[in-house]
1. Is it the case, given these coordinates, that residue 251 is at pLDDT below 75 and within 30 Å of residue 59 (Cβ to Cβ)?
2. Within segment 175-202, can you find the residues that are open to solvent by 50 Å² or more (accessible area, probe 1.4 Å) and in a loop (DSSP other than H, G, I, E, B)?
3. Determine whether segment 34-43 contains at least one residue that is polar (S, T, N, Q), over 18 Å from residue 224 (Cα atoms), at pLDDT 50 or above and open to solvent by 50 Å² or more (accessible area, probe 1.4 Å).
4. Anything in segment 139-163 that is at pLDDT 85 or above and open to solvent by less than 20 Å² (accessible area, probe 1.4 Å)? List them, or say none.
5. Can you tell me how many residues in segment 91-110 are out of contact with any helix residue (DSSP H, G or I) (no Cβ under 7 Å at 6 or more places or on another chain) and charged (D, E, K, R)?
6. So residue 128 fits all but one of (1) in contact with a helix residue (DSSP H, G or I) (Cβ under 9 Å, 6 or more places away or on another chain); (2) free of Cβ contacts under 8 Å to residues at least 12 places away in the same chain; what number is the exception?
7. Taking segment 256-285, which residues are open to solvent by 80 Å² or more (accessible area, probe 1.4 Å), within 30 Å of residue 69 (Cα to Cα) and either over 14 Å from the mean Cα position of the chain (by Cα) or modelled with pLDDT of 80 or more (or both)?
Amino acid sequence: MDNVVVTVVKDVGKSCSSTSVVVDDCVEMIDENDYLAYAGQIQGFKFSLPILYVDGAFGKSKYKGQILAATGKNGNKGFFPLALCFCDSETEENWLFFFKNLKALLEPHGRIITFISDRGVGLLKTFDLIFPGNPHLYCYHHLRYNLSRKYKNKGGEIVVADVLHNFFKMAYASTEKSFYFHLKNLGDKGGAATIDEFIRDIPLEHWCRAFFKGCQYGIMANGIAESFNNWIVVERSLPPFPMVIASHENVYEVRNDKYSYSVDNSTRTCSCVKWQINCFPCADALAAIQGVRLDLYDFIDPYFTAEYYRMCYSFPIAPLNNVDASCSSTEDFILPPVTKKPAGRPKSKRIASAGEKKRIRCGRCNKMGHHNKKSCTEPLNMLL
């Protein structure tokens, strides 16, 4: 991995005490796994429900990749992000890397965590290796969709609706007696062979309330994970490392419709660089300052104040009195400079400097210059 990128990740760990940052170096950059969990999230998870939704989402930047996430749920039914992993795809190796670091994070808490997933690619096998015995609930909505696919060419809409209705009663049955009652009804309406084949490879303790071993807190679906993926839909369009944002005292994250910026009030800097360039708080800095109810004038240079403006003109310039002045000789006159006519035809237009020549943006390297995509020879920075 590039030294600059490693430095960025290590700085995140330093800025947040006890932040968990793991960088898995491989031969090629596309194969690297980067695991991140902030200290504030790790400590705060102790007070959320002992439930974690594990899921993967596609990266939408030009580097593609996958984002593996473990998301909790607070007592107010809102999601609580805990850990992220940036990798190339949902493989057993990547899930194994993610679960190993997640286990190291959870073990000091001493709680039995219930996991909820959609049985993603590579997830099931590695989960049983790292978290054997932990309650693992399969998302009801994904199972329901998989079952409907079994009846794609085996009946009309009425038959499929009837089957799914009875499957809902099976999954939400509170007792074993009720479960088997609805299972019989489902077999009668949808065909026992098809139903038996479907549930044969799905252990009952992973999707049916009557057989589930653990605390469900009334949860049957992976909706929180889907909400989290939708919440970070803008960030998913960024390369991995701009998603990593560290926040500490006097440093704030400010978001707009497209991007997020880091504002440091103590050093009077913003990642958009406009504060440093103009020496005047930018829009992001104004939002950060007003958001924490600080005095805006404390962050403005005194040169922009009315007091300094008045001081600029508070010093008088004494008038020059030459009414009685007399010229005794030609030496007292100031003569104009000697001019010389330049050779050649007089130019009618001003000569433009090098900086004034029109520049264009290259479609390949995305830099401003005097070349286009075809003539571009700039090396591409794969970290951008």
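The values are calculated or read from the model by the stated rules, or taken from the named source; none is laboratory data. Just so it is clear, the structure is predicted and the values come from calculations on it, not from any experiment. All Cβ positions, glycine included, derive from the backbone under ideal geometry; neighbour counts span all protein chains shown. When the accessible area is computed, the model is the full protein with side chains, heavy atoms only, and any ligands, DNA or RNA have been set aside. Shrake-Rupley method; radii C 1.70, N 1.55, O 1.52, S 1.80 Å.
1. No: the conditions fail for residue 251.
2. 175, 201
3. The answer is yes, given that some residue of segment 34-43 is polar (S, T, N, Q), over 18 Å from residue 224 (Cα atoms), at pLDDT 50 or above and open to solvent by 50 Å² or more (accessible area, probe 1.4 Å).
4. 139, 140, 143
5. 2
6. Single failed check for residue 128: (1).
7. Within segment 256-285, 259 is the sole residue that qualifies.
For (1) in a loop (DSSP other than H, G, I, E, B); (2) at pLDDT below 80; (3) under 30 Å from residue 251 (Cα atoms), each residue gets a yes or a no:
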{"residue": "289", "(1), (2), (3)": "no, no, yes"}
{"residue": "308", "(1), (2), (3)": "no, no, yes"}
{"residue": "338", "(1), (2), (3)": "yes, no, no"}
{"residue": "350", "(1), (2), (3)": "yes, yes, no"}
